[in-house]
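The values are calculated or read from the model by the stated rules, or taken from the named source; none is laboratory data. In this text the structure is predicted, and so the values were computed from the model without any measurement. Backbone-built Cβ (ideal geometry, glycine too); neighbour counts: all protein chains shown.
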Amino acid sequence: MLAAGTSTTCAAIEWLMAELVKNQGVLHKLRHEIESMVDGNIKNASLCHMPYLQACLKEALRLHPPTLFGIPRRALETCTVNDYVVPMDSVILINNWALGRDTTIWDEPLKFKPKRFLESKIELKGNLQFEFIPFGAGRRASWT
């Protein structure tokens, strides 16, 4: 479990770095925020005061989720979702990759736009709309 946590963290940071290289304006804005908040010594407490850094990380996770299909779940009973019958004991997966590119949820979903997370209350832990759940949602999510 520890190794899984480090590999997803590494993947998220690698994708963030790749997006920053491709989006120099975002990189400069992020660098300015970091330099204005810290005096050469970054502490964990500093991170919560860097909203643009948090937005950049969330945007990288939206475009490049470390868990493409999340954690498999099993239907406890037969149910209907959007006129589709899901039989009891069916394995259920959420396609996080497709969710992050859904045009009904995201404006210009293929563009790296951290600003979208500055203008919303979407959190990494997920919400009832399940629009952004890179680490799953609910009490068994790997983020909680």
Out of curiosity, is Pro66 under 29 Å from Lys29 (Cβ atoms), modelled with pLDDT of 90 or more and in contact with a helix residue (DSSP H, G or I) (Cβ under 8 Å, 6 or more places away or on another chain)?
-> no
(1) free of Cβ contacts under 8 Å to residues at least 24 places away in the same chain; (2) closer than 24 Å to Arg116 by Cα; (3) not in a helix (DSSP H, G or I) all hold for Leu76 apart from (2)
Unmet criterion (only one of (1) touching a residue at least 24 places away in the same chain (Cβ under 8 Å); (2) not in a helix (DSSP H, G or I)) for Met88 = (1)
Mind listing whichever residues of the stretch 7-29 are surrounded by 11 or more Cβ atoms within 10 Å (Cβ to Cβ), among the aliphatic types (A, V, I, L, M) and out of contact with any His (no Cβ under 9 Å at 6 or more places or on another chain)?
-> Ile13, Met17, Leu20, Val26, Leu27
Filter result (charged (D, E, K, R) and not in a helix (DSSP H, G or I)) within the stretch 5-47 | Asp39, Lys43
Filtering the stretch 30-73 down to residues that are acidic (Asp, Glu) and surrounded by 14 or more Cβ atoms within 10 Å (Cβ to Cβ) yields Glu33, Glu59
Filter the stretch 98-117 for residues that are hydrophobic (A, V, I, L, M, F, W, C) and loosely packed, with under 13 Cβ neighbours inside 10 Å; which is modelled with the highest pLDDT?
-> Leu110
